[in-house]
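The structure under discussion appears below in the form of structure tokens.
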Amino acid sequence: MDDLKEEIAAAAARLVVEEGLEYGPAKRRAVKQLGVPARAALPDNDQVDAAVEEYISIFCAESQAEELRALRELALQWMRRLEMFRPYLGGAVWRGTATRRSDIYLQLFCDDPKSAEISLIDRGVRFEVRSVPGLQGEMVDALSIHALCEPLGEHVGVHLLINDLDDVRGALQPDARGRAPRGNIAAVDKLLKEDDE
């Protein structure tokens, strides 16, 4: 990896860990902060992933495991509440690089895109709706909730991305390193049990 990409990856990693940014926005802001030309080649997500892991091992080694567990437990609670929408956990909480600044991202797969909204309304859950790029790059609704994470003593963003039921197969394709990009309830439960061992 060339030095500039390495420098961008390191700056992006700091933003991911300290501010909870996702990789794309973190890379773009890192480029701005470093004064690098906007057309510079960016590091890929695997390079940022490695930089995030290194940053955590240096600056967050004592607290990160506990914070990650708290976020995974909260994610699992929401996944069980929304089980009828076939939830999958993704992002830093799934990958194991989350800290207290990270949000939770759940992909929901629905027959009717409005059914998840109706379910939240029926439960008295307040949420905001916005459009974000989906799994295939198309715009999808994201329902954003502020949920209390008791072990951390603060509210965490839980984002429910609404997908068509047919998109579930494509959502499970492994990444370039053969890792699952997201996991269902059983997979998240397994991660938590492995942490207990």
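The numbers here are math on the coordinates, done by the rules we state, and not lab data. Remember, it's a predicted structure, so these values are computed and weren't measured experimentally. Methodologically, a virtual Cβ is constructed for each residue, glycine included, from the backbone with ideal geometry; neighbour enumeration extends over all protein chains shown.
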Under 19 Å by backbone N from the virtual spin label 7 Å along Cα-to-Cβ at ALA65, the residues of segment 136-159 are 151-152
Return the Rg/Rh value of segment 3-59, two decimal places, where both radii are evaluated on C-alpha atoms and Rh is the Kirkwood radius.
-> 0.93
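Please rank LEU172, LEU68, LEU4, LEU42, fewest neighbouring Cβ atoms within 10 Å first, as an exposure proxy.
Values: LEU172 13, LEU68 23, LEU4 16, LEU42 20.
Least to most surrounded, the residues fall as LEU172, LEU4, LEU42, LEU68.
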Nearest 10, in degrees from 0 to 90: the angle of helix 185-196 to the longest Cα principal axis of the chain is 60
Write down the percent of antiparallel bridges among all DSSP beta bridges whose residues are both part of segment 57-197, to the nearest 5.
-> 70
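Can you tell me what the convex hull of the Cα atoms of the chain projects to on average, as an area in nm²? Please list the in-between numbers first.
Numbers: hull surface 47.1 nm².
Directional mean of the projected Cα hull area for the chain stands at 11.8 nm².
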Estimated inter-spin distance, ASP2 and GLU150, nm [label 7 Å along Cα→Cβ] | 5.2
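Under the classification rounded if a/c is under 1.5, otherwise prolate if a/b is larger than b/c and oblate if not, where does segment 95-197 fall, given a ≥ b ≥ c as square roots of the Cα gyration tensor eigenvalues?
Numbers: a/c = 1.75, a/b = 1.08, b/c = 1.62.
Oblate.
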Between the Cα axis of helix 64-81 and the main Cα principal axis of the chain, the angle (0 to 90°, nearest 10) is 30
Angle in degrees between helix 3-19 and the longest Cα principal axis of the chain, rounded to the nearest 10 = 40
Filter the trypsin sites (Lys or Arg not before Pro) in segment 116-197 to those in DSSP coil with at most 14 other Cβ atoms within 10 Å of their Cβ, and list the result.
-> ARG123, ARG126, ARG169, ARG177, ARG179
